[in-house]
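**Q** Could you have a look at this structure, given as structure tokens, before my questions?
Throughout, read-outs are computed from the coordinates displayed, never taken from laboratory work. All values reported here derive from a predicted model rather than from experimental measurement. No Cβ is skipped: glycine too gets one built from the backbone with ideal geometry, and neighbour counts run over all protein chains shown.
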Amino acid sequence: MGGGGGSPAPPRADGAPVSRPPAPPAHPPHATNVSRRAAVRALGALVASLGLAALPGQARGSDACSGPGTHRRARTHSRHAHAVRHPAPRPGITAAAVLPAGRVPKRLRAAYDRARQIPEVLDGIYCHCDCAERDGLRSLLSCFETPMVSSCRICAGQAKLAYELHRRGKSLDEIRAAIDAEYGD
């Protein structure tokens, strides 16, 4: 008889039986009943966790800073359990420590240029990505003294709003209130 495939194999022309390889088991011993959707979710979670592990510390410290294209809206990311305290702008503060254009990506040069124009405003604004707690940065101006803005749309968005409001003649208190309304609790 044949080799365990169930029904006997038909004999060859010379009358000798044909041997068949054994049939594979119906379910391999390593198979599990995982739906495709569950497998895709698990793979997505694995990829996301590996991606976060590769980010610089300031970008992964909280979920507020997210890479380009992943930020939906700031207020969904930054929720403070504490009241935000804006720092007092330092007298005579300048933009001397803001990164020069050659050290930032081309897509962010305009943001850094705007920061250089209003250092006295940005130095008086708390950054809602929580970099003060996470990275020890003093103010929104401090974000522009580092490459953080390239991975954090909250910093860039707050600075753009501050710049636009400052150009319209708004006071620092009015700018703070608008940023808190858009990016805070």
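**Q** Kindly indicate whether any position in the range 152-161 is farther than 18 Å from Tyr112 by Cβ and β-branched (Val, Ile, Thr). Show your work before the answer.
**A** Within the range 152-161, the first condition is being farther than 18 Å from Tyr112 by Cβ, and the residues that meet it are none.
No, because not a single residue in the range 152-161 is farther than 18 Å from Tyr112 by Cβ and β-branched (Val, Ile, Thr).
**Q** Next question. Any residue at all in the range 81-95 that is under 23 Å from the mean Cα position of the chain (by Cα), in a helix (DSSP H, G or I) and over 19 Å from Leu161 (Cα atoms)?
**A** No, that holds for no residue.
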